[in-house]
Amino acid sequence: YLLEVSNRLMPMASDLVSLNDAAQVLGVSAERVRQLVVAGDLPGVRFGNAWAVPRMSLVARGSHQPRRGRPLGARRAWERIVAGDVDLDDVGRFRNRAVVHRYEVSGADAEFLSSHDAVAISGVAAAIEMGEPLAVDALGSEVYVAASFHEHLGSVVALVADPLGNVMVRVVHDDAWDLVTGASQVADGGVRLAPRAAVALDLMASADPRDWIAAQHLLDSP
């Protein structure tokens, strides 16, 4: 699953815009854009002390304006996610469910990681397994792991930290990981899928409205 999805072309430098340029598009200040990126309400890529924003995410934000609610703590966020009690118009409220890291991982190691019993697959790969008719290359690879597992991830697979890497690793606080595994399901291929509402929240970070529709379908499905 990760091997297939990781073939997606990740954003190149030409697909990124500065905070100042993003601010002009959105009609807000550059500092406001920085706040949105840091809060997780707008995708961002960090280069040293500078941030850049994917061009397509500005298009997405113009069509889908999230409401701002007080962020939930990690465990409370997962309690709501497991119960399916999430508001896709307020995804920022669930930002504490995980800390995002990106890595460049070889195809073979990505495939190995996807089948590891300490990993839960999310994003498009998981949505497809759940019956959503999405293209397999619609998004980059996404997985959830516990913080304690992430600390030793480099001893499991060969990886290089890269803000444009082909694998997105969402690191969950250890105190909430039992909720993730307790609500996950195992697909026919043996891979563990993240809870449906978590997959839905992750799909909302896409610039493609088709992914937003799939996210709502996931929440509406039993």
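The values are calculated or read from the model by the stated rules, or taken from the named source; none is laboratory data. Fair warning: this is a prediction, and the values are worked out from it, not measured in the lab. Glycine gets a Cβ as well: all are built from the backbone with ideal geometry, and neighbour counts include every protein chain shown. The area values use the complete protein model at the heavy-atom level, side chains included, leaving out ligands, DNA and RNA. Shrake-Rupley method; radii C 1.70, N 1.55, O 1.52, S 1.80 Å.
For segment 127-166, enumerate the residues that are aliphatic (A, V, I, L, M) and assigned to a loop (DSSP other than H, G, I, E, B). Working first, answer last.
Here is the first cut: in segment 127-166, the ones aliphatic (A, V, I, L, M) are 127-128, 130, 134-136, 138-139, 143, 145-147, 153, 156-161, 164.
Selection gives Met130, Leu134, Ala135, Val136, Ala138, Leu139, Val156, Val157, Ala158, Leu164.
Give the residues of segment 207-219 that are surrounded by fewer than 22 Cβ atoms within 10 Å (Cβ to Cβ) and either touching a helix residue (DSSP H, G or I) at 6+ places or on another chain (Cβ under 6 Å) or not acidic (Asp, Glu) (or both), sorted by residue number.
Within segment 207-219, Ala207, Pro209, Arg210, Trp212, Ile213, Gln216, His217, Leu219 qualify.
Which one is farthest from Asp175 (Cα to Cα) among residues in segment 86-110 that are assigned to a strand (DSSP E or B) and under 12 Å from the mean Cα position of the chain (by Cα)? Spell out the reasoning first.
Of the residues in segment 86-110, the ones assigned to a strand (DSSP E or B) are 99-105.
Of the ones still in play, those that are also under 12 Å from the mean Cα position of the chain (by Cα) are 99-102.
Numbers: Val99: 14, Val100: 17, His101: 19, Arg102: 22 Å.
So, considering only residues that are assigned to a strand (DSSP E or B) and under 12 Å from the mean Cα position of the chain (by Cα), the one farthest from Asp175 (Cα to Cα) is Arg102.
Pull up segment 111-133, narrow it to residues that are hydrophobic (A, V, I, L, M, F, W, C) and more than 16 Å from the chain's Cα centre (by Cα), then point me to the one that is farthest from Gln216 (Cα to Cα). Give the steps one after another, and end with the answer.
Pass one, segment 111-133, residues hydrophobic (A, V, I, L, M, F, W, C): 112-113, 118-121, 124-128, 130.
Remaining after also requiring more than 16 Å from the chain's Cα centre (by Cα): 112-113, 118, 130.
Working: Phe112: 30, Leu113: 28, Ala118: 27, Met130: 13 Å.
Looking at residues that are hydrophobic (A, V, I, L, M, F, W, C) and more than 16 Å from the chain's Cα centre (by Cα), I get Phe112.
Out of segment 160-178, which residues are touching a residue at least 40 places away in the same chain (Cβ under 8 Å), more than 18 Å from the chain's Cα centre (by Cα) and more than 18 Å from Tyr103 (Cβ to Cβ)?
At the first step, the residues of segment 160-178 found to be touching a residue at least 40 places away in the same chain (Cβ under 8 Å) are 160-173, 175-176.
Within this subset, residues satisfying the condition of being more than 18 Å from the chain's Cα centre (by Cα) are 160, 175.
Asp175, the sole residue that qualifies.
Checking Glu151 against (1) surrounded by fewer than 22 Cβ atoms within 10 Å (Cβ to Cβ); (2) without any contact (Cβ under 8 Å) to a residue 60 or more places away in the chain; (3) closer than 20 Å to Arg196 by Cα, which test does it fail?
(3)
Looking at segment 68-85, can you tell me whether even one residue there is at pLDDT below 80 and either not small (Gly, Ala, Ser) or not in a helix (DSSP H, G or I) (or both)? Write out each step before concluding.
Step one: list which residues in segment 68-85 are at pLDDT below 80, which gives 68-69.
Narrowing the set further to residues that are either not small (Gly, Ala, Ser) or not in a helix (DSSP H, G or I) (or both) leaves 68-69.
Yes: segment 68-85 contains one or more residues that are at pLDDT below 80 and either not small (Gly, Ala, Ser) or not in a helix (DSSP H, G or I) (or both).
Can you name the number of the only condition in (1) small (Gly, Ala, Ser); (2) modelled with pLDDT of 95 or more; (3) surrounded by fewer than 16 Cβ atoms within 10 Å (Cβ to Cβ) that Ala146 fails?
If we test Ala146 against (1) small (Gly, Ala, Ser); (2) modelled with pLDDT of 95 or more; (3) surrounded by fewer than 16 Cβ atoms within 10 Å (Cβ to Cβ), just (3) comes out false.
Give the residues of segment 45-60 that are at pLDDT 70 or above, under 18 Å from the mean Cα position of the chain (by Cα) and either among the aliphatic types (A, V, I, L, M) or open to solvent by less than 30 Å² (accessible area, probe 1.4 Å) (or both), sorted by residue number.
If the condition is that a residue be at pLDDT 70 or above, under 18 Å from the mean Cα position of the chain (by Cα) and either among the aliphatic types (A, V, I, L, M) or open to solvent by less than 30 Å² (accessible area, probe 1.4 Å) (or both), then Val45, Ala52, Val53, Pro54, Met56, Ser57, Leu58 are the ones that fit.
Only residues that are touching a Leu at 6+ places or on another chain (Cβ under 8 Å) and open to solvent by 50 Å² or more (accessible area, probe 1.4 Å): list them for segment 160-181, please.
none
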